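J.: Below is the structure I would like to discuss, written out as C-alpha cells.
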Amino acid sequence: MSEPPSDVELVRRARKGEEVAFGLLVERYQRSAYAVALSVTGRHEDAEDAAQESFLVALDRLDECRSPERFGGWLMTIVRNRSKNLVRRESLREMDELPFGAPSRIPAPDRTAEAAELRGMLREALSELPEVQRQVVLLHDLEGWKHREIAERLDLPCGTVRSHLHFARKSLRAALRKVPGIPELMRVAQ
Amino acid sequence: MIRRMDDLDVMTESGRDHEIAAALAALDPASGDPHYWLRFRSWVMSSAARELSRRRLVVRLTIGDVLESWARALVPIAALFAALAGLLLLRDDPVGDLPPIGVEELLVSELEGSTIPARIANVTFAAEVF
C-alpha cells in the first residue's frame, strides 16, 4: 500500500490548481480546523464559517506558505485569526460580547436530548478554560493529535502542550463531575 | 464508594483520555450527522473551484509563454537564414555550369571583358616595391 502524499507534495500540486490535492488537504485538516475555530468562537455555526473560510484564504495565499512541510501550523494560524475576526465582527454587530458557548444561531442537529444536554455542559465547561487550553484539549482528545503535532502546529513547546492538556482535563473533569448522571450522558455520546 | 473522575486512569495508547474524548465527541458535528464532513468538504471545494481554475490557467499560460517566446525569436532568424541560403545558392549556381579548362587554356583564353595582357598591366611586381 502506498504512503499518503505528504503536505509538501499536496501543497505543491494545489499551487498548480490540482483539485484532488487541495481536496486531500481539506480532508486532512477539516476536523482540526473546526476544533481550533470552535475553541475560539465557542459556537458551531461560527466555527464552521471560520474553518471553511480559512481553507479558501489558505488557497488564495498558498504561495505565501514558505514552509509547506508546516502547512498544518500555517493553516491553524489562519483559522485562529479568522475565528477571532469573526468573533469581533459578531460582537460589534450584536453590541455585546458573546460568551464562549452561547447557543448557535442554528443549532447542530441533536440525536437525543441527552446528547444536547451534554453538549451544552461541555460548552460551558470549555468556556471556563483559557483559549489555548481549549485548543490543546480539543486537538488532542477530540482529534487525536499527538503532543508533538500540537506543539508544532500551535507553535508551542511540547512541555507547555502537556501542561495545558493536564490543566484542561482537570478543569473539564471537575466541571463534568458536578453534573449528576454524567457517565450515562457520556455513554449516550459514545 | 463514589468513583471520582480524577481517579480514572483511562488513557488510550495514543495518550488520549477515554472519558474526556467520549465527552468531547458530542461536540463533533458528525456525531449527529454522519455526512457532515463530506458536505463541509464539498462546500469548500465548490467555493475554491474558481481559484483552482485560475491557478491551472496560470500554469498553462506560463508554458505557452515560454514556447511563444522561443518561437518569436527562432522563426524570423530561421526565415532569414533560409533566405540567405537561397540567395547564395542562386548566385553560386552559374559557376557550377562552367566547363572545366586547363591552366594553359586559361592563360591564353580571353577573360570576360578584357584580355590577360590588359590585366597584367595592372599588376605590381615585388621588385618595384622594394
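J.: Can you tell me which of B:L27, B:L61, B:L38 is in contact with a Lys or Arg (Cβ under 7 Å, 6 or more places away or on another chain) and of a type in the set (A, V, I, L, M)?
T.: B:L27
J.: Filter the stretch A:157-172 down to the residues that are within 18 Å of A:T77 (Cβ to Cβ) and under 16 Å from the mean Cα position of the chain (by Cα) and list them by number.
T.: Selection gives A:V161, A:H164.
J.: Looking only at the stretch A:104-128, which residues are acidic (D, E), modelled with pLDDT of 60 or more and more than 16 Å from B:I20 (Cβ to Cβ)?
T.: Selection gives A:E114, A:E117.
J.: Here is a further query. Mind listing just one residue for me: the one in the stretch B:9-39 that is at pLDDT below 85 and more than 8 Å from chain A (Cβ to nearest Cβ) and, of those, farthest from A:A51 (Cα to Cα)?
T.: B:D9
J.: Can I ask one more? Could you grab me the full set of residues in the stretch A:1-55 that are touching a residue at least 24 places away in the same chain (Cβ under 8 Å), part of a loop (DSSP other than H, G, I, E, B) and either within 12 Å of chain B (Cβ to nearest Cβ) or buried (at least 22 other Cβ atoms within 10 Å of the Cβ) (or both)?
T.: The answer is A:G42, A:R43.
J.: Moving on. Which pairs have Cβ atoms under 9 Å, sit 6 or more apart or on different chains, and link a residue in the stretch B:64-82 that is surrounded by fewer than 10 Cβ atoms within 10 Å (Cβ to Cβ) to one that is outside any helix (DSSP H, G or I)?
T.: none
J.: Next up: Checking A:R66 against (1) in a helix (DSSP H, G or I); (2) surrounded by fewer than 21 Cβ atoms within 10 Å (Cβ to Cβ), which single condition isn't satisfied?
T.: (1) is the only condition that A:R66 fails.
The values are calculated or read from the model by the stated rules, or taken from the named source; none is laboratory data. Treat the numbers as computed from the prediction; the structure is a model and nothing was measured. Using ideal geometry, Cβ is built from the backbone for each residue, glycine included, and neighbour counts are taken over all protein chains shown.
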